[in-house]
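Comments concern the structure below.
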Amino acid sequence: MTFLDQLRDAERKNGSMLCVGLDPEPSRFPGAWKNDAGRIHDFCAAIAEATADIAIAFKPQIAYFAAHRAEDQLERLVNTLQRVAPGVPVILDAKRGDIGSTAEQYAREAFDRYGADAVTLSPFMGFDSVEPYLRRPGKGAFLLCRTSNPGGDDFQAQRLHGLPGQPMLYERIAELAQGDWNRNGQLGLVVGATYPAEIERVRSLAPTLPLLIPGVGAQGGDAAATVRAGWREGGQVVVNSSRAILYASSGADFAEAARTAALATRAQLQAGRA
Ligand SMILES: O=C(O)c1cc(=O)[nH]c(=O)n1[C@@H]1O[C@H](COP(=O)(O)O)[C@@H](O)[C@H]1O
């Protein structure tokens, strides 16, 4: 089963476009787990158990593990996710991008070591830096396109004067990902929920690609507006929220509170389809 099949099935089964972002920060853990980096796996596992039937995907952010020398916990976590949420794909947020030979190693890391179903990539270094990931049948790769941060303007909103129509950089990335670069139908795009007009533009240039959309919750993006801008029949959206779900409560009820927050976000997202 390919990553895209998994996404479609998870959307149908869980009635959801919500991706639960796993950005574990020990200083925000509840009770006796606070500041205990040895509990990163357990914290994320509790969140996953509480949201397994509400999520279209889980997105662990690798820096939150590597910063605490907790890569072994990330390996265990992906196994746990597969057990507690079978069929819900795992997107490893690694934002990799390097020359082909190094990209092969990053692909091994994401898909063989961690067992992820998809990965986030920076397309800055061009097609040969993306291609090694596409040699993995069925795996997905989301290219950064129009990111959620204000500094995204610095490059992504600049016009490419040498190309017909002088597209902005993010428009060109969307065109390539929908077209020439998408050799085996494995690509998707990352677009920030903080820029609904750009989501709409990306959707018009890339009508069938899955869009990974972070920026609802802690970054203030509007969930329903995001879905209205990006979701189409045959064009999925995977809307990520991390901190607003993970840290909905800092008490013993953190998993329950995460579930409540995830349910509310899922409902707001579904409202955008009405
Ligand atoms: O690729 C990403 O996931 C990503 C792209 C982007 O443009 N903006 C963005 O916030 N992200 C990630 O999405 C998550 C957002 O977290 P919250 O703001 O807590 O919901 C973080 O893990 C970010 O690294």
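Observations on the model:
- Test result for Ser148, not hydrophobic (A, V, I, L, M, F, W, C) and not in a helix (DSSP H, G or I): yes
- Test: residue in region 188-202 that is open to solvent by 50 Å² or more (accessible area, probe 1.4 Å), out of contact with any helix residue (DSSP H, G or I) (no Cβ under 8 Å at 6 or more places or on another chain) and without any contact (Cβ under 8 Å) to a residue 40 or more places away in the chain: no
- Some residue of region 43-51 being among the polar types (S, T, N, Q) and within 17 Å of the chain's Cα centre (by Cα): yes
- Total residues in region 1-30, condition closer than 13 Å to Arg243 by Cβ, in contact with a helix residue (DSSP H, G or I) (Cβ under 9 Å, 6 or more places away or on another chain) and in a helix (DSSP H, G or I): 1
- Here Asp153 clears all of (1) over 17 Å from the mean Cα position of the chain (by Cα); (2) in a helix (DSSP H, G or I); (3) more than 20 Å from Leu18 (Cβ to Cβ); (4) away from the ligand (no atom under 13 Å from the Cβ) except the condition numbered (4).
- Taking helices (runs of 4 or more DSSP H) as the structural unit, those lying wholly within region 31-113 and holding at least 1 residues that are within 14 Å of the ligand (Cβ to nearest atom) and open to solvent by 50 Å² or more (accessible area, probe 1.4 Å) correspond to 63-66.
The values are calculated or read from the model by the stated rules, or taken from the named source; none is laboratory data. This one's a predicted model, so the numbers in the text were calculated from it and none came from an experiment. When we count neighbours, we look across all protein chains shown, and the Cβ atoms used for this are built from the backbone with ideal geometry, even at glycine. Side chains included, ligands, DNA and RNA excluded: accessible areas come from the protein's heavy atoms. Shrake-Rupley method; radii C 1.70, N 1.55, O 1.52, S 1.80 Å.
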